[in-house]
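Asker: Before I ask anything, here is the structure I am working with.
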Amino acid sequence: MSLLHRASFFTSAARLDQLPEAGAPEVCFVGRSNSGKSSAINVLTNQKRLAFSSKTPGRTRLINMFTLPDPLEPEAALGFLVDLPGYGYAAVDRKAREEWAEVLGDYLRSRSSLAGVVLMIDIRRGVTDLDRRLAHWLAPTGRPVLALLTKADKLPYGQRIKTVFAVKKELAEIGALYAVPFSATHRIGLEEAALHIENWISPKVVP
């Protein structure tokens, strides 16, 4: 069984100072509202409703943490999956968008337990200005990034591969960037993404 399948809800926080003290490795999920973040978390953890998407995109303002228990010590956390608020939804006022951006930026830059970042990009839209802004925040940290090009089932295989190259080129400032075409509904790229995330949480799990 995948390490990720053991995930369970741990806590929600509206601000960084409400998060538990940094400790076990964290892998965060970030991306535009409607990029398929909740669906990806649910399929990667093999659970239907672990992560919730708001009925009104862009309204989910909380940082949600899911714990991955240590198989040898179930009461202890081996690591965490962290669902960060989606960004960029037009119906949300500018002040709120900037507040969320500040929380995202501070978490990505300063969270010492952050082991890796899963960046969700709709494969049909490609890299947006907000994705580039995120790249500017991430590049100086040196943290590795896994770009999941979601809704890959909407494009033929050849176009998927071209988009992977295009994303890598546009986000080249992120040195440690790995891009994977992904579809939660068709399970495209699921195993590859899961292994990547597991290796960030516990390198011993994956050779």
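Asker: If you check every pair at least six apart or on different chains, which have Cβ atoms under 8 Å apart with a residue in the stretch 1-25 that is over 20 Å from Ile197 (Cβ atoms) and without any contact (Cβ under 8 Å) to a residue 60 or more places away in the chain first and a residue that is part of a loop (DSSP other than H, G, I, E, B) and open to solvent by 50 Å² or more (accessible area, probe 1.4 Å) second?
Answerer: Ser12/Leu62; Ala13/Leu62; Ala14/Arg61; Ala14/Leu62
Asker: Only residues that are over 22 Å from Ile201 (Cα atoms) and of a type in the set (A, V, I, L, M): list them for the stretch 136-163, please.
Answerer: Answer for the stretch 136-163, where residues must be over 22 Å from Ile201 (Cα atoms) and of a type in the set (A, V, I, L, M): Ala152, Leu155, Ile161.
Asker: Now a separate question. Tally up the residues in the stretch 124-146 that are in contact with a Lys or Arg (Cβ under 8 Å, 6 or more places away or on another chain), surrounded by fewer than 24 Cβ atoms within 10 Å (Cβ to Cβ) and within 21 Å of Ile197 (Cβ to Cβ), please.
Answerer: Result for the stretch 124-146: 2.
Asker: Next question, about the same structure. Six or more apart or on different chains, Cβ atoms under 7 Å: show the pairs whose first residue is in the stretch 35-53 and among the aromatic types (Phe, Trp, Tyr) and whose second is surrounded by fewer than 23 Cβ atoms within 10 Å (Cβ to Cβ).
Answerer: The qualifying pairs are Phe52/Ser38.
Asker: Residues that are within 20 Å of Asn34 (Cβ to Cβ): which helices (runs of 4 or more DSSP H) entirely in the stretch 101-207 hold 3 or more of them? Give the steps one after another, and end with the answer.
Answerer: Working: elements: 129-138, 157-170, 190-201.
Counting at least 3 such residues, we get 129-138, 157-170.
Asker: Taking the residues in the stretch 1-55 that are surrounded by fewer than 17 Cβ atoms within 10 Å (Cβ to Cβ) and of a type in the set (Lys, Arg) as candidates, determine which candidate is nearest to Ser113 (Cα to Cα).
Answerer: Among those that are surrounded by fewer than 17 Cβ atoms within 10 Å (Cβ to Cβ) and of a type in the set (Lys, Arg), it is Arg15.
Asker: Restricting the stretch 150-192 to residues that are in contact (Cβ under 8 Å) with a residue 60 or more places away in the chain and of a type in the set (S, T, N, Q), which is most open to solvent (accessible area, probe 1.4 Å)? Reasoning before the result, please.
Answerer: Residues of the stretch 150-192 that are in contact (Cβ under 8 Å) with a residue 60 or more places away in the chain, as a first pass: 150-151, 182, 184-185, 187, 190.
Remaining after also requiring of a type in the set (S, T, N, Q): 150, 185.
Values: Thr150: 7, Thr185: 114 Å².
Looking at the filtered set, the residue picked out is Thr185.
Asker: May I pose another question? Among the residues in the stretch 64-72, are any surrounded by 15 or more Cβ atoms within 10 Å (Cβ to Cβ), among the polar types (S, T, N, Q) and modelled with pLDDT under 90? Give the derivation first.
Answerer: Narrowing the stretch 64-72 to residues surrounded by 15 or more Cβ atoms within 10 Å (Cβ to Cβ): 64-70.
Then keep just the ones that are among the polar types (S, T, N, Q); that gives 64, 67.
Imposing the further condition that a residue be modelled with pLDDT under 90 reduces the set to none.
No: the stretch 64-72 contains no residue that is surrounded by 15 or more Cβ atoms within 10 Å (Cβ to Cβ), among the polar types (S, T, N, Q) and modelled with pLDDT under 90.
Asker: Quick check on my filter: what residues within the stretch 44-57 are modelled with pLDDT of 95 or more and among the hydrophobic types (A, V, I, L, M, F, W, C)?
Answerer: If the condition is that a residue be modelled with pLDDT of 95 or more and among the hydrophobic types (A, V, I, L, M, F, W, C), then Leu44 is the only one that fits.
The values are calculated or read from the model by the stated rules, or taken from the named source; none is laboratory data. Please read all numbers here as calculations on a predicted model, not as lab measurements. Every residue, glycine as well, gets a Cβ built from its backbone with ideal geometry; the counts of neighbours run over all protein chains shown. Keep in mind that these areas ignore ligands, DNA and RNA; they rest on the heavy atoms of the full protein, side chains included. Shrake-Rupley method; radii C 1.70, N 1.55, O 1.52, S 1.80 Å.
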